[in-house]
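The values are calculated or read from the model by the stated rules, or taken from the named source; none is laboratory data. Note that the structure is a prediction, hence the values are computed from the model and not measured. Positions of Cβ are backbone-derived with ideal geometry, glycine not excepted, and every protein chain shown enters the neighbour counts. Side chains included, ligands, DNA and RNA excluded: accessible areas come from the protein's heavy atoms. Shrake-Rupley method; radii C 1.70, N 1.55, O 1.52, S 1.80 Å.
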Amino acid sequence: DIMVEKIMHRQGLVDKYIGDAIMAIFGAPSRDPDCAYHAVLAALDMLDGLAEFNTHQVEKGRKLVDIGIGINFGSVTVGNIGTERKMEYTVIGDRVNTASRLEGLTKFYHQPILISDTIHERLKGRVPCRFVDKVVPKGKSEIIPIYAVKRSLAEKEAEAWRIHETAVSRYFDRDFTGSLDLFSQAAELLPQDFIIQNYIFCCRGLKQAPPPPEWTGAVVFDAK
């Protein structure tokens, strides 16, 4: 109930439930030129709702609930799909599958929300974003840059994210020494940050064993 309310409040349409997952659509059936932004706001609202829910879980001595959200943008087939005996309004297409893959990657990167580059470029700086990685999800062939988002940043966090941005640029330019120094600076501000620590681990490994010329830095996943 909490999650569905957050989605619908931001003009989202709950398409279906898939096990314990919710598949939601933004920008259909009514066109919404700012659907990417609204989808991200809905995701942030969902995290707020989850935090409140988990507060009650603690009070009742119950286990905490965790979620992952993947958001993607692009052209899809949308409409009433099926047969005369069974038909439903839904969306299908590669972009839908990619959103599902991003949701799965939230576990690996320890991020509650992951968005694709197609979402990131449509946010226009209205939400704090941090580059996470270049990935090739299971079943895909193209490299997809992915980002994490937050509603707001504390002062230390904002500074760490700024350092992280420069460090990432040097990392993919193969300057592993320079990027390691910068990631280490960011780690002093956010010592428990998984993404920063993961880059530090990679930098150290690549310094010892430099990658081949065709290296893109993308992580290829063979599992959902």
Next item on the list: Could you grab me the full set of residues in segment 117-144 that are of a type in the set (Asp, Glu) and either closer than 18 Å to ALA39 by Cβ or without any contact (Cβ under 8 Å) to a residue 60 or more places away in the chain (or both)?
Entry: ASP117, GLU121, GLU142
Next item on the list: Might you let me know whether segment 21-29 holds any residue that is within 19 Å of THR90 (Cβ to Cβ), in contact with a helix residue (DSSP H, G or I) (Cβ under 9 Å, 6 or more places away or on another chain), aromatic (Phe, Trp, Tyr) and surrounded by 12 or more Cβ atoms within 10 Å (Cβ to Cβ)?
Entry: yes
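Scan segment 135-194 for residues that are small (Gly, Ala, Ser) and surrounded by fewer than 17 Cβ atoms within 10 Å (Cβ to Cβ) and jot them down.
First, the residues of segment 135-194 that are small (Gly, Ala, Ser): 139, 141, 148, 152, 154, 158, 160, 167, 169, 178-179, 184, 186-187.
Once the filter is applied, which keeps residues that are small (Gly, Ala, Ser) and surrounded by fewer than 17 Cβ atoms within 10 Å (Cβ to Cβ), segment 135-194 yields GLY139, SER141, SER152, ALA154, ALA158, SER169, GLY178, SER184.
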Notebook entry, point to check: Hey, among the residues in segment 206-224 that are surrounded by 11 or more Cβ atoms within 10 Å (Cβ to Cβ) and of a type in the set (A, V, I, L, M, F, W, C), which one's farthest from PRO145 (Cα to Cα)?
Noted result: LEU206
Notebook entry, point to check: Residues in segment 32-67 that are surrounded by fewer than 19 Cβ atoms within 10 Å (Cβ to Cβ) and either of a type in the set (Val, Ile, Thr) or not in a helix (DSSP H, G or I) (or both): how many?
Noted result: 13
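So in segment 4-22, with the set limited to residues that are touching a residue at least 60 places away in the same chain (Cβ under 8 Å) and either assigned to a loop (DSSP other than H, G, I, E, B) or not acidic (Asp, Glu) (or both), which one is farthest from THR77 (Cα to Cα)? Full working, then the answer.
So in segment 4-22, the residues touching a residue at least 60 places away in the same chain (Cβ under 8 Å) come out as 15-16, 21.
Those still in the list that are either assigned to a loop (DSSP other than H, G, I, E, B) or not acidic (Asp, Glu) (or both) too: 16, 21.
Values: LYS16: 16, ALA21: 21 Å.
The selected residue is ALA21.
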Margin query: Any residue at all in segment 71-84 that's buried (at least 16 other Cβ atoms within 10 Å of the Cβ), without any contact (Cβ under 8 Å) to a residue 40 or more places away in the chain and within 16 Å of the chain's Cα centre (by Cα)?
Written below: no
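Answer yes or no as to whether TYR109 is surrounded by 18 or more Cβ atoms within 10 Å (Cβ to Cβ) and either of a type in the set (A, V, I, L, M) or in contact (Cβ under 8 Å) with a residue 40 or more places away in the chain (or both).
Values: surrounded by 18 or more Cβ atoms within 10 Å (Cβ to Cβ): yes; either of a type in the set (A, V, I, L, M) or in contact (Cβ under 8 Å) with a residue 40 or more places away in the chain (or both): yes.
So TYR109 fits the description; yes.
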Next item on the list: Search segment 145-172 for residues that are more than 25 Å from LEU41 (Cβ to Cβ) and pair each with any residue that is modelled with pLDDT of 95 or more and open to solvent by less than 20 Å² (accessible area, probe 1.4 Å) when their beta-carbon atoms are under 6 Å apart and the residues are at least 6 apart or on different chains.
Entry: ILE163/ALA186; ALA167/SER179; ALA167/PHE183; ARG170/GLY178; ARG170/SER179; TYR171/SER179; PHE172/GLY217
